[in-house]
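J.: Here it is, the structure in full.
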Amino acid sequence: MSQIHLELTRVGIEFPTPKGPFCALQNVDLKIKKGEFVSLIGHSGCGKSTVLNIVAGLYQATTGGVVLNGREVNEPGPERAVVFQNHSLLPWLTAYENVELGVKRVFRGKKTRAEMREWIEHNLELVHMTHAIHKRPDELSGGMKQRVGIARALAMEPQVLLMDEPFGALDALTRAHLQDSLMEIQNELGNTVIMITHDVDEAVLLSDRIVMMTNGPAATVGEILDVTLERPRNRLELADNVEYNHYRSAVLRFLYEKQKKIESIDAKRAEKQLDKDAAGKAKSVA
Amino acid sequence: MSNKLATLKFEQIKAVKWRDVLIGILMPMVGILFFILLWHTAAPNINTSLGDFPQPKQVFEQWGNLVDEYNTEQEREAVFYDRQEKRNAELLAQDPAAKIDAREFNGRPTFFDKIKTSLVTVLSGFFVASVIAIPLGIVIGLSQPLYSAFNPLIQLFKPVSPLAWLPLVTIVVSAVYVSDSPMFSKSYIISLLTVSLCSLWPTMINTAVGVAGVSKDLINVSRVLRLGWFTHVMKIVLPSAIPMMFTGLRISLGIAWMVLIAAEMLSQNPGLGKFVWDEFQNGSSDSLSRICLAILVIGLIGFLLDRIILLLQTYVNWDKSAVVR
Ligand SMILES: Nc1ncnc2c1ncn2[C@@H]1O[C@H](COP(=O)(O)OP(=O)(O)OP(=O)(O)O)[C@@H](O)[C@H]1O
Ligand SMILES: [Mg+2]
């Protein structure tokens with residue numbers, strides 16, 4: 001049994017707003033083992049990105065804290081690489097140079113120039129970007145940019161890889177392709193991964209555990225689902241797998257029954273109509 | 001059928017080309033011609049103490065005169081050196097140990113020498129301003145407290161006219177810049193400093209705004225990579241601030257050129273400003289035409305300087321597809 005690697009203890013955060021402090025997260029507890037793949041899923045605006053940013057060190061928790069390998073996390077660092085939701089590549093650098101920026105930072109003094117070069121090329125190869133290595137982001141498609149963002153994070157050999165909806169903005173085909181690549185890479189390198197997603201299939205396919213978050217404000221961990229599907233996983237074979245579909249429906253049930261967020265439009269309309277009628281009546285009475 | 005389609009297309013292309021030619025070349029020419037015509041007809045109706053206001057023709061004649069003056073000066077210079085050399089050769093022939101003179105030709109600065117002086121002065125003033133404004137702009141753009149500290153000063157000094165700075169600069173330079181064999185003339189230093197003082201601000205403000213406006217996402221990237229201060233500035237801050245910086249530089253150079261002419265008039269730096277001033281004092285029948293000519297040249301040089309900054313921007317900017325105008 002591998003030991004706890006990353007631990008969030010009673011993490012809470014309040015954002016100062018003009019209308020007073022807004023409590024986005026409360027009592028988030030999470031223990032993650034080395035090499036584990038964890039997905040965060042929850043409705044939009046519940047606080048998934050906030051959790052990730054706290055682990056990354058970009059936000060400071062107001063209460064509680066994050067411990068990585070026995071040391072408290074207080075600031076960002078390259079051992080917790082982030083794949084940003086909108087890729088965040090530097091537009092003035094080529095794919096190669098974008099990856100190089102991180103590699104130089106992490107491996108200065110440890111790798112020779114030639115080794116660094118090889119390492120950068122190797123990482124771009126992992127995400128199948130060899131053909132466009134010297135192109136700048138504005139010459140790349142959305143999926144390609146996202147892949148470079150992943151390569152940049154991987155190339156830093158992070159202990160924890162933090163991914164904020166890495167495939168959110170991509171078409172289904174590209175997404176499937178990148179998911180497969182990610183599974184392969186993670187299988188090979190054994191990074192600990194925390195990935196935010198909106199996509200139930202993606203969560204079940206990739207994760208060892210799925211952390212389902214309750215709706216905000218003061219969001220917290222609602223349920224945690226262990227996914228014990230055999231690896232390597234194949235999306236086609238899993239489509240008819242009973243266990244897979246069981247996990248899938250568990251997540252769906254959590255999202256759409258227990259944490260039901262969006263009322264149906266009809267219901268809303270009916271409610272409004274009722275309000276109007278009531279108002280009309282009140283007027284006629286007056 | 002397809003043939004007809006082809007001709008149709010061809011005609012469309014021709015029509016588009018026509019439009020481009022019309023907008024790009026013909027219309028500017030029409031504008032210029034219209035202006036010259038207006039000037040030509042209006043000028044004789046303006047009677048000044050120096051005679052009628054010059055027409056375009058007379059102004060362009062002055063160009064010829066100025067070129068002639070330049071050529072005469074060149075000849076005089078050649079003759080001067082020729083004579084000096086001959087005399088030295090004779091002296092040496094009589095007595096190999098004789099002391100020979102090597103005096104420099106001390107001719108009158110022609111119109112073209114004055115253009116050169118003006119260009120050198122404005123560029124050095126602009127250079128000094130940029131060397132101060134860009135680093136300072138970066139520093140105050142990166143730090144909100146420093147920005148708050150500098151902002152009132154910037155706002156206070158930005159609107160000050162060069163004519164207000166000049167007396168102050170003149171007196172201070174006269175007091176501080178004392179040397180027996182000055183490398184630069186006082187008037188040059190005074191004009192340069194006045195230009196710098198006035199053209200500093202747009203570059204500083206725009207650089208600061210550009211630096212402060214770096215996208216939050218990119219700053220997060222830099223924080224995650226834990227880039228050092230220098231790398232952060234070089235790799236993240238500067239590239240994203242470049243467009244704003246150049247906007248500032250362009251405004252600054254424009255101001256520098258305007259200020260220079262005024263500064264030269266008062267400080268007597270032998271440039272275009274002094275040329276205009278001298279002609280004004282001179283009051284000969286040619287003076288008005290020469291002043292008009294100087295105005296046209298000043299405008300043209302200002303335009304060219306702006307184009308040069310634009311070229312520099314397209315060269316430096318990472319975004320080659322950015323439209324600069
Ligand atoms: N800097 C901030 N200041 C104030 N409120 C914030 C800030 N960042 C986030 N919030 C609030 O915290 C809550 C959680 O935001 P967060 O971005 O974590 O949501 P999310 O789960 O990532 O949503 P999505 O899936 O749409 O990306 C939201 O209600 C948001 O308004
Ligand atoms: Mg988010």
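J.: With the condition kept exactly as written, say whether any residue in region A:66-76 is within 15 Å of ligand 1 (Cβ to nearest atom), outside the structural domain of residue A:114 (by TED's automatic domain parsing) and not in a strand (DSSP E or B).
T.: no
J.: Determine, yes or no, whether residue A:58 is modelled with pLDDT under 95, assigned to a loop (DSSP other than H, G, I, E, B), away from ligand 1 (no atom under 16 Å from the Cβ) and open to solvent by less than 80 Å² (accessible area, probe 1.4 Å).
T.: No, not satisfied.
J.: In region B:233-277, what residues are within 13 Å of chain A (Cβ to nearest Cβ) and farther than 15 Å from residue A:101 by Cα?
T.: Of everything in region B:233-277, those that are within 13 Å of chain A (Cβ to nearest Cβ) and farther than 15 Å from residue A:101 by Cα turn out to be B:238, B:240, B:241, B:242, B:243.
J.: Take the conditions within 14 Å of another protein chain (Cβ to nearest Cβ), among the hydroxyl-bearing types (Ser, Thr, Tyr) and more than 22 Å from the chain's Cα centre (by Cα) and apply them to residue A:94. Does it pass?
T.: yes
J.: Kindly state which strands (runs of 3 or more DSSP E) lie completely within region A:150-265 and contain at least 2 residues that are free of Cβ contacts under 8 Å to residues at least 40 places away in the same chain and open to solvent by 30 Å² or more (accessible area, probe 1.4 Å).
T.: A:221-226
J.: Within region A:163-210, take every residue that is within 16 Å of ligand 2 (Cβ to nearest atom) and of a type in the set (D, E, K, R) and give me the one that is nearest to residue A:51 (Cα to Cα).
T.: Looking at the filtered set, the residue picked out is A:164.
J.: Could you tell me whether residue A:95 is at pLDDT 90 or above, surrounded by fewer than 16 Cβ atoms within 10 Å (Cβ to Cβ) and not assigned by TED's automatic domain parsing to the domain that holds residue A:179?
T.: Criteria not met by residue A:95.
J.: Tell me the residue from A:102, A:47 that is assigned by TED's automatic domain parsing to the domain that holds residue A:139 and either without any contact (Cβ under 8 Å) to a residue 60 or more places away in the chain or within 16 Å of ligand 2 (Cβ to nearest atom) (or both), please.
T.: Only one candidate qualifies: A:102.
J.: Now for a separate question. Do we have residue A:31 as open to solvent by 30 Å² or more (accessible area, probe 1.4 Å), within 16 Å of ligand 1 (Cβ to nearest atom) and either basic (Lys, Arg) or touching a helix residue (DSSP H, G or I) at 6+ places or on another chain (Cβ under 9 Å) (or both) here?
T.: no
J.: May I pose another question? Quick one: how many residues across region B:269-307 are in contact with an Asp or Glu (Cβ under 7 Å, 6 or more places away or on another chain) and among the acidic types (Asp, Glu)?
T.: 0
J.: Exactly one of (1) closer than 21 Å to residue B:216 by Cα; (2) more than 16 Å from ligand 2 (Cβ to nearest atom); (3) within 13 Å of another protein chain (Cβ to nearest Cβ) is unmet by residue A:86. Its number?
T.: Failed condition: (2).
J.: Out of all the residues in region A:117-142, which are surrounded by fewer than 19 Cβ atoms within 10 Å (Cβ to Cβ) and not acidic (Asp, Glu)?
T.: A:117, A:119, A:122, A:128, A:130, A:131, A:132, A:133, A:134, A:135, A:141, A:142
J.: Quickly run through region B:207-232 and pick out the residues that are more than 7 Å from chain A (Cβ to nearest Cβ) and among the β-branched types (Val, Ile, Thr).
T.: Across region B:207-232, the qualifying residues are B:207, B:209, B:211, B:214, B:219, B:231.
J.: Being over 28 Å from residue A:205 (Cα atoms) and away from ligand 2 (no atom under 16 Å from the Cβ) is the filter here; which residues of region A:6-26 pass it?
T.: A:10, A:12, A:14, A:16, A:17, A:18, A:19, A:20, A:21, A:23, A:26
J.: Report yes if residue A:8 is more than 14 Å from chain B (Cβ to nearest Cβ), crowded, with 19+ Cβ neighbours inside 10 Å, within 13 Å of residue A:220 (Cβ to Cβ) and within 14 Å of ligand 1 (Cβ to nearest atom), otherwise no.
T.: no
The values are calculated or read from the model by the stated rules, or taken from the named source; none is laboratory data. Everything numeric in this text was worked out from a predicted model, so none of it was measured. Note that we place each Cβ from the backbone using ideal geometry, even for glycine, and neighbour counts take in every protein chain shown. For the accessible areas, the whole protein counts, side chains as well, though only heavy atoms, and no ligand, DNA or RNA atoms are used. Shrake-Rupley method; radii C 1.70, N 1.55, O 1.52, S 1.80 Å.
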